[in-house]
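Colleague: First, the structure itself, so that you have it in front of you.
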Amino acid sequence: MNARMKNPVFMLPDLLPAMRAVAAAIEAAGIPPITTELVNLRASQINGCAVCAVQHPRIARKHGETDDRLFSVATWRDAPYFTDAERAALALTEAVTRLADRPDPVPDDVWDEAARHYDEKQLAALVATIGSINVWNRLNVATRQVAGGGW
């Protein structure tokens, strides 16, 4: 399989630094890095982004994540490995990633559960993380970037 083109972040010189700046701002809000990687992985699974579905477990492992948890992200509701805060982040990830799937894209119960575990700054970072990974997923999927391609 070949990519349709280079990843857009390498075609537009100002895009990669901008994406990195977004990531740095998110990181400063204090969301645990493993939670961020679980969110990134779940959104990438939903969006069918092979690049990110390979990359984010690797990053999570560097933060000490276990294979059992990584293998269970797609079935997080039924897996015993996740904290209530992580479950809230994953539920929010699914809702924000699948905006068109229901009349009320982010139901109050999903939002309220996330807000129970994260302060406003962290919640803002969580929403921004979900938005950011969705951008990466769309760039990669639209241009058929190859997982493990080392771009």
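Colleague: Listed residues ASP108, ASP67; which is open to solvent by 60 Å² or more (accessible area, probe 1.4 Å), in contact with a helix residue (DSSP H, G or I) (Cβ under 9 Å, 6 or more places away or on another chain) and among the acidic types (Asp, Glu)?
Modeller: ASP67
Colleague: Of the conditions (1) surrounded by 14 or more Cβ atoms within 10 Å (Cβ to Cβ); (2) among the aliphatic types (A, V, I, L, M); (3) modelled with pLDDT under 95, MET1 fails just one. Which one is it?
Modeller: With respect to (1) surrounded by 14 or more Cβ atoms within 10 Å (Cβ to Cβ); (2) among the aliphatic types (A, V, I, L, M); (3) modelled with pLDDT under 95, MET1 is out only on (1).
Colleague: Return yes when ALA114 is in contact with a His (Cβ under 6 Å, 6 or more places away or on another chain) and on the phi < 0 side of the Ramachandran plot and no when it is not.
Modeller: Spelling it out, it is not the case that ALA114 is in contact with a His (Cβ under 6 Å, 6 or more places away or on another chain) and on the phi < 0 side of the Ramachandran plot.
Colleague: Hey, can you tell me all the residues within region 78-98 that are in a helix (DSSP H, G or I) and either more than 21 Å from ILE31 (Cβ to Cβ) or of a type outside the set (A, V, I, L, M, F, W, C) (or both)? Steps first, please.
Modeller: Applying the first criterion (in a helix (DSSP H, G or I)) to region 78-98 yields 84-97.
The answer is ASP84, GLU86, ARG87, THR93, GLU94, THR97.
Colleague: Any residue at all in region 29-44 that's surrounded by fewer than 20 Cβ atoms within 10 Å (Cβ to Cβ) and at pLDDT below 95?
Modeller: Within region 29-44, one or more residues are surrounded by fewer than 20 Cβ atoms within 10 Å (Cβ to Cβ) and at pLDDT below 95.
Colleague: Anything in region 117-131 that is surrounded by 11 or more Cβ atoms within 10 Å (Cβ to Cβ) and either among the basic types (Lys, Arg) or out of contact with any helix residue (DSSP H, G or I) (no Cβ under 8 Å at 6 or more places or on another chain) (or both)? List them, or say none.
Modeller: The answer is ASP119, LYS121, GLN122, ALA124.
Colleague: Of the residues VAL141, VAL106, VAL110, which is among the aliphatic types (A, V, I, L, M) and more than 22 Å from ARG77 (Cβ to Cβ)?
Modeller: None of the others qualify; the one that does is VAL141.
The values are calculated or read from the model by the stated rules, or taken from the named source; none is laboratory data. From a predicted model like this one, the values you see are computed outputs, not experimental measurements. When we count neighbours, we look across all protein chains shown, and the Cβ atoms used for this are built from the backbone with ideal geometry, even at glycine. Ligands, DNA and RNA are excluded from the accessible area calculation, which covers all protein heavy atoms including side chains. Shrake-Rupley method; radii C 1.70, N 1.55, O 1.52, S 1.80 Å.
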